[in-house]
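The values are calculated or read from the model by the stated rules, or taken from the named source; none is laboratory data. Owing to the predicted nature of the structure, the values given are computational and were not obtained by experimental measurement. Glycine also receives a Cβ, built like all others from the backbone with ideal geometry; neighbour counts cover every protein chain displayed. Heavy atoms of the whole protein, side chains included, go into the accessibility calculation; ligands, DNA and RNA do not. Shrake-Rupley method; radii C 1.70, N 1.55, O 1.52, S 1.80 Å.
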Amino acid sequence: MGKISETLGYETEFSKSGILESKSIDQIKELLKNYHLLVIKGVHFSIEEFKYFSSLMGEIIPHDILRYRHPAHEMLSYVTNVDSEGKLDKYGATIRASDWHTD
């Protein structure tokens, strides 16, 4: 665990309960501020837990392009470079994930 590369990313572990009880949020935010990419190993969230975790990080704003929203959970969206017909989604391939998001 530690730095992923010299310029970007950090890999770490947190307990799921520590995250969901907000005990680790300040440390997670600090790691994101310093490394811009954070991989938290071994934590598997349900959809509701993921939405809650995301809300702890800041305001959740649904994607403004409806086709990228999850049909059952509008606060979640897809990151893809393939359209519904299996062809290249030019927006998804070049712009879609170029700003802050969680995976």
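For the chain, the per residue solvent-accessible surface stands at 71 Å², with DNA, RNA and ligands left out and a 1.4 Å probe.
Label sites at residue 72 and residue 49, each approximated as a point 7 angstrom past Cα along Cα to Cβ, lie 1.7 nm apart. By the Cα gyration tensor, region 46-89 has an equivalent ellipsoid whose semi-axes, rounded to whole angstrom, run 23, 10, 9 from largest to smallest. Per-atom-type breakdown for the chain gives carbon and sulfur 52% of the accessible area (1.4 Å probe, protein chains only). Across the chain, Cα-Cα pairs farther apart than 20 Å form 48% of the total.
The sum of -39500 (n - 2.57) across all DSSP H runs of n ≥ 4, divided by the residue count of the chain, sets its helix-only mean residue ellipticity at 222 nm to -8500 deg cm²/dmol.
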